[in-house]
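First comes the structure, then the notes that go with it.
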Amino acid sequence: MDSITTFLIDSNKLFREGMKRLFDGSPFAVVGEAGSVREGIGSAAAAPALVLVDPVSGNEEEVEAMRALRAEHPGLRIVVLTSDLCTRRLSGALGAGADGYLMKDIACESLMQSLKLVMMGEKVFPTHLAELLVSGRTEEIGAEVPARRKGLSQREVQILRCLLNGNSNKMIANHLSITEATVKVHLKSLLRKINASNRTQAAIWAMNNGIGDHAADAAGISATA
């Protein structure tokens, strides 16, 4: 993957320094940083490809600032990287057109994989929570999805179902209208999340956790893209 110019927005300077060290030697080249979204609008003059931002409060002012940042740089990808799974921040991120919402306790390799998916055009959100927010059923957050499934994205559930059908990477790519390279990135992330070493183990895990039946739909996870 070619170098991806990255801009960091976080009120914690120490965290920003840590992210710069983490990205050192990776495809993500940090070209600037700011302590707030509002400050970032004026500072991101380098027209980065990716912005990682932690909204302090997720209020309307910050949401508007994120919208302004996207308007200033229409081609960039915006990913919220925060400490809390907060409905207000998630709702604000969705409203501002963010491409992802990730937690700061994510494993380093998983973070890299998630950001690569974003740069390939994928959306990386806690899918179940996003669907509940869109439908207004915020009181159900955390109540319907088993803990063992909370870490799986909508796309990963779709791929698990394809594995249950014995589909190859090419078949999965055609079915989901994505590239084989994207399928491979998802598979790598998926196997790590469920602690499986191969496709067969992943399919067995899927069967044991009700992925192939209507229980997943009842939990608010759609089988369609």
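Taking amide hydrogens as placed 1.01 Å from N in the peptide plane, the amide H of Leu102 sits under 5 Å from those of Val80, Leu81, Thr82, each at least 5 positions away in sequence or on another chain.
At a 10 angstrom cut-off on C-beta neighbours, averaged per residue, how do the peptides 94-106, 182-194, 20-32 rank from highest to lowest?
For the peptides 94-106, 182-194, 20-32, the packing ranking is 182-194, 94-106, 20-32.
All of the numbers you see were taken from the coordinates with simple rules; none came from a lab. Everything quoted here is computed from the prediction, not taken from an experiment. Don't worry about glycine lacking a Cβ; one is built from the backbone with ideal geometry, like all the others, and counts go over all protein chains shown.
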